[in-house]
Amino acid sequence: MTLMFYNDLTRTKEKFIPVREGRVSFYSCGPTVYDYFHIGNARPFIIFDVLRRYLEHRGYEVTFVQNFTDIDDKMIHRANAEGITVPRLAERFIEEYYKDADALGIHRATIAPRATEHMAEIISIIIKILRKGHAYIVETPSGSGDVYFDVKSYAPYGKLSKQSLDELEAGARVEVGEVKRDPLDFALWKAEKPGEPSWESPWGRGRPGWHIECSAMSSKYLGETIDIHSGGVDLTFPHHENEMAQSEAATGKPFVNYWLHNGFLLIDKEKMSKSLGNFMTARAAREKYPPLAIRLFMLNAHYRSPINFAPEGLEQAAGGVTRLRNCWTNLLHARQARAEGDGDAAPFLEELKALDERFYEVMDDDFNTAAATGILFEVVRLVNTWLKRERLPLTFFEVAEGALRKYDEILGVIGVEVTPDADADKIERLIKERGAARKAKNFARSDEIRDDLLAHGVILEDTPHGTKWKRKF
Ligand code: AMP
Ligand code: ZN
């Protein structure tokens, strides 16, 4: 089996060979924590969570780093608008990030570094770039200096986004307040401005530009050359182009061996983004749709293709999750009911093996989750067909259960750990307590119980025959 990735640097599919055998260093650009993240941002978080899970499943020891951008213009504006400090704002939205990400089954990064906690590393890489002659300092009226990357001094610039200097020049803009020598240059360090957080540096007080944080944190935690760097396709330019230029200018070594970018999540054919105002937060989405369905929706497309965010797609995914869940619970129930089992499981094993081989084939071929989820549904169809049989051998149950557990561990769309009956006693007890609270007109308590259960994915329905409950998968 050969794992291949489409590498945006070479624009070809390449065999994956990690720098250190058996290990993968993986950096994924994380959120700017000035607000809730939207369902477009959720796409890379979910997609690269699955890639990481797959690499782990394939036996690699993966160090997965996803940063929090906790200082930039958007952070400062929002903090000022709310009358709170930037660190307070960051704290709040990092907490909110984890609420949504955990609910969406996104495994926590091995390391989740914050820009503001890495000033020493950021300053040290800027010093290296200055020493190599690829950056310059401009004194500002405050007495502190801006530091800019000198794009024209660095010949390979444009190699990731495949743009020539002429093309780049046509699109270059100078931001208000910037005093750079060339419109192509970008800020590594911004001199302090009144009302903005700032840190000591050899160029006076100031704060880092956006791109430099990823260069600094990537090399700190993963080394100068890493295996995989990922993010949405909008990050290719300028963010990743700049990260690569800075890092390679500083170290003289390749920064990243495989660049992976996910396509956009579109809404009415436009990129979902905060600035266009056409977004739905992940928080709102998971109130409307089961988290497993949101994951399945993302995985139903190839990660590099654009996807359209439409209710039909989400509802279809929700239907798919129900099918997966039903198969899983039916399998468990059937096993309990017919544990003695007999018969020949060989034809099942053979068919499953063929499907399983295809699963690895498509996942190895540039991580094709769209094909992989298709195969998962074929497995479910196969299991369902076998479940209709009168006599079922124990091997069937063991192997089918093992297979579904494995696919869930990689894709996270079945929710095998959420066994519907595991908490049944506790839920029933709370329903009784809620009934008693309602009788006593203690609606605060009865609402609290309902909300608590809902927060744990349990939906209550009051019917003429009493209160029923079901899981929100
Ligand atoms: P940001 O917080 O804006 O830096 O975005 C976090 C991640 O979400 C980055 O990897 C972006 O490329 C990605 N992203 C933003 N909008 C979309 C979108 N509409 N579709 C897919 N990915 C997106
Ligand atoms: Zn980044």
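Quick one: length gained pulling Arg323 to Glu398 fully straight, 0.36 nm per residue minus the C-alpha distance?
Working it through step by step, the gained length comes to 25.0 nm.
Please work out how much length the chain gains when fully extended from Leu266 to Asn278, using 0.36 nm per residue of separation minus the C-alpha to C-alpha distance, in nm with one decimal.
My answer for the length gained is 3.4 nm.
Suppose the chain between Ala455 and Arg88 were pulled fully straight at 0.36 nm per residue; how much longer would it get relative to their current alpha carbon spacing?
Here the segment from Ala455 to Arg88 would lengthen by 129.6 nm.
So how far apart, in nm, are the two label points at Asn330 and Ala346 if each is 7 Å from Cα heading toward Cβ?
2.7
When DSSP assigns beta bridges and you keep just the ones with both residues in the chain, what percent turn out antiparallel, to the nearest 5?
Just about 55 percent of them are antiparallel.
Return the loop-located GluC sites (Glu not before Pro) in the stretch 252-356 (DSSP other than H, G, I, E, B) with at most 14 other Cβ atoms within 10 Å of their own Cβ; answer none if there are none.
Here the sparse-neighbourhood loop sites are Glu340.
Whole number in Å², please: accessible area per residue of the stretch 4-288, 1.4 Å probe, ligands, DNA and RNA not counted.
With all protein chains present, the stretch 4-288 gives 42 Å² per residue.
Rounding to the nearest 10 and keeping the result within 0 to 90°, find how far the Cα-based axis of helix 369-387 lies from the longest principal axis of the chain.
In the chain, helix 369-387 runs at an angle near 10 degrees to the longest axis.
Using a probe radius of 1.4 Å on heavy atoms only, what accessible surface per residue do you get for the stretch 314-411? Whole Å² is fine.
Solvent-accessible surface per residue comes out at 47 Å².
Once Rh is set to the Kirkwood radius over Cα pairs, what Stokes-Einstein translational diffusion coefficient, in µm²/s, holds for the stretch 372-451 at a temperature of 4 °C and a viscosity of 1.567 mPa s?
Result for D is 82 µm²/s.
How compact and how long is the stretch 349-398, expressed as Rg and Dmax of its alpha-carbon atoms in Å?
Using the Cα atoms of the stretch 349-398, the pair Rg, Dmax is 12.5, 41 Å.
To check you understand DSSP bridge types, tell me what percent of the beta bridges within the stretch 1-91 (both residues inside) are antiparallel, rounded to 5.
35
Helix 210-222 sits at what angle to the longest principal axis of the chain, using alpha carbons and giving 0 to 90 degrees rounded to 10?
60
Straight-line reach from Lys406: which lysines fall under 30 Å, measuring Cα to Cα and dropping same-chain residues less than 8 apart?
Qualifying lysines at Cα under 30 Å: Lys13, Lys15, Lys99, Lys288, Lys353, Lys388, Lys426, Lys470, Lys472.
Between the stretch 174-247 and the stretch 22-39, how far is it from one alpha carbon centroid to the other, in angstrom?
Computed from Cα coordinates, the inter-centre distance equals 16 Å.
Please find the FRET efficiency linking Ala81 to Val138, where r is the Cβ-Cβ separation and R0 is fixed at 41 Å, and quote it to the nearest 0.05.
0.90
For the chain, calculate the relative contact order in percent as a whole number, restricting contacts to Cα pairs under 8 Å that are 6 or more residues apart.
16
What relative contact order, as a whole-number percentage, does the stretch 424-471 give when Cα pairs under 8 Å and 6 or more residues apart are counted?
24
Tell me which lysines have Cα within less than 28 Å of Lys152's Cα, excluding those fewer than 8 residues away on the same chain?
Excluding near neighbours in sequence, the set is Lys128, Lys132, Lys162, Lys180, Lys190, Lys193, Lys220, Lys253.
The values are calculated or read from the model by the stated rules, or taken from the named source; none is laboratory data. Only a predicted model underlies this, so the values are computations on that prediction, with no experimental measurement involved. Heads up, the Cβs are rebuilt from the backbone with ideal geometry, glycines too, and the neighbour counts pull from every protein chain shown. Calculation scope for accessible area: heavy atoms of the full protein, side chains included, ligands and nucleic acids excluded. Shrake-Rupley method; radii C 1.70, N 1.55, O 1.52, S 1.80 Å.
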